[in-house]
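This report refers to the structure that appears directly beneath it.
Nothing in this text is a laboratory measurement; each read-out follows from the coordinates by a stated rule. Fair warning: this is a prediction, and the values are worked out from it, not measured in the lab. Using ideal geometry, Cβ is built from the backbone for each residue, glycine included, and neighbour counts are taken over all protein chains shown.
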Amino acid sequence: MDLADAVSFVGVGVAAIGVLGVAAPARLTALLARWRVLTRLPVTLGLRILTGILFLAAALDCRLPELVRLIGVLELLGAALLLVLGAQRLDRFVTWWLERPPSFVRKWCVAASAFGLLIVYAG
């Protein structure tokens, strides 16, 4: 597997989470609530940093290098923002998101599915 394939693999994961949220929003929020204990600030930061580095490293090998590079930079900026916001604000945001109605979750997940498919294509 080369780096462009790894970018596409990330896109498949994003799209799959989006499809789950569209098909079964309550199931997605329940899953996220259970995983929340494991995915506090250190895990979230680690995933953002790794994804950002992957996207930056893979950009030249991808079909849409500018887009992949931009997403990589945004991931790293998101990690820096998480550090500034801190764990308590991240927890409050996750709690707020988990309390949204199913229609809200579905709309966001439609966007996530489309974004994931774009990443698959870009890779």
What spacing in nm lies between the two simple spin-label points modelled at residue 64 and residue 96, each 7 Å away from Cα in the Cβ direction?
2.8
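Counting Lys +1, Arg +1, Asp -1, Glu -1, what net charge surrounds residue 80 among other residues with beta carbon under 15 Å of its beta carbon?
+1
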Distance-filtered residues of segment 50-65 - backbone nitrogen under 20 Å, label point 7 angstrom along residue 80 Cα→Cβ:
50-59
Here, residue 5 and residue 30, labelled 7 Å along Cα→Cβ, have an inter-label distance in nm of 3.6
Helix 3-23: angle to the longest alpha-carbon principal axis of the chain, degrees 0 to 90, nearest 10?
30
Note: the chain, point scatterers on Cα, Debye, no solvent; log10 I/I(0) at q = 0.10, 0.19, 0.22, 0.23 Å⁻¹ equals -0.33, -1.12, -1.28, -1.31
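Can you give the calculated 222 nm mean residue ellipticity of the chain, where each DSSP H run of n ≥ 4 adds -39,500 (n - 2.57) and the sum is split over every residue, rounded to the nearest 500 deg cm²/dmol? Walk me through the numbers on the way to the answer.
On the way: 5 runs with 105 residues, N = 123.
-29500 deg cm²/dmol, from helical runs alone.
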